[in-house]
1. What are the residues in region 123-174 that are among the β-branched types (V, I, T), at pLDDT below 90 and part of a helix (DSSP H, G or I), if any?
2. How do the pairs read when you match residues in region 80-97 that are closer than 18 Å to A148 by Cβ with residues anywhere that are part of a helix (DSSP H, G or I) and among the hydroxyl-bearing types (S, T, Y), using Cβ under 6 Å and keeping only pairs 6 or more apart or on different chains?
3. Let me spell it out: the conditions are (1) in a loop (DSSP other than H, G, I, E, B); (2) at pLDDT 90 or above, and V42 meets all of them except one. Which number is the exception?
4. Quick one: would you say P36 is under 30 Å from H150 (Cβ atoms), exposed (fewer than 14 other Cβ atoms within 10 Å of the Cβ) and at pLDDT 75 or above?
5. Could you check region 84-101 and list, in sequence order, the residues that are at pLDDT below 95 and part of a helix (DSSP H, G or I)?
Amino acid sequence: MGNWFKCSGRLTADTARRITGISTPLGGIQWSDGGPSDADVVRRFLIFLEDRRVLYNAEDLEVTSQVERSVHEIREQSTKALQELGPRAFAVSPIRAIRAAGRRFHDDENEEFRFFDAHSRDRGVGPGFFVALGAFRARVGQQVVFLAAHYDIDIEGDLATILPTPDDDAPLVKTGPGE
């Protein structure tokens, strides 16, 4: 009977931040809702990415201005998700990497590749745009895998097409003649 009011001896910082008041004489405690969980924030972020054509649309269907706007929106959404997450959440690093990939895309899209086919420039889009787009998709796909695996979220549909496959990291195997 004496152990009814025994404290657990452990109070986490997250719990301490939620406490907004303590009642008296026989106890009581008030706390605020901590907001959405990290998994909820990541789930909303991945749902947002599912609708981004820039991540999976065929390159010949891409319109430069729409791609640039979409990449910018991904960067904005990444920043919003980071603001909702705690500083030590697992998702912080992958989402920061996605945001950095967007910045990198904007930096690299106008890079010159003078030995590439010159007729692509006739459309107003140089090869640097497509190289930057491919790199952006690869980086985002890699980070989506980390987020989905850690938070146990299924990735389906078109977004799944940018995810690396297990064979992507397979070592190259030399084959002999006739194989």
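1. Pass one, region 123-174, residues among the β-branched types (V, I, T): 125, 131, 140, 144-145, 153, 155, 161-162, 165, 173.
Okay, now just the ones that are also at pLDDT below 90, so 125, 131, 165, 173.
Within region 123-174, just V131 meets the criteria.
2. Note: pairs meeting the criteria are I95/S78.
3. Looking at each condition in turn, V42 falls short on (1).
4. Details: under 30 Å from H150 (Cβ atoms): yes; exposed (fewer than 14 other Cβ atoms within 10 Å of the Cβ): yes; at pLDDT 75 or above: yes.
Against the criterion (under 30 Å from H150 (Cβ atoms), exposed (fewer than 14 other Cβ atoms within 10 Å of the Cβ) and at pLDDT 75 or above), P36 qualifies.
5. Answer for region 84-101, where residues must be at pLDDT below 95 and part of a helix (DSSP H, G or I): just E84.
The values are calculated or read from the model by the stated rules, or taken from the named source; none is laboratory data. Computed from a prediction, not measured in an experiment: that's the story for all the values here. Positions of Cβ are backbone-derived with ideal geometry, glycine not excepted, and every protein chain shown enters the neighbour counts.
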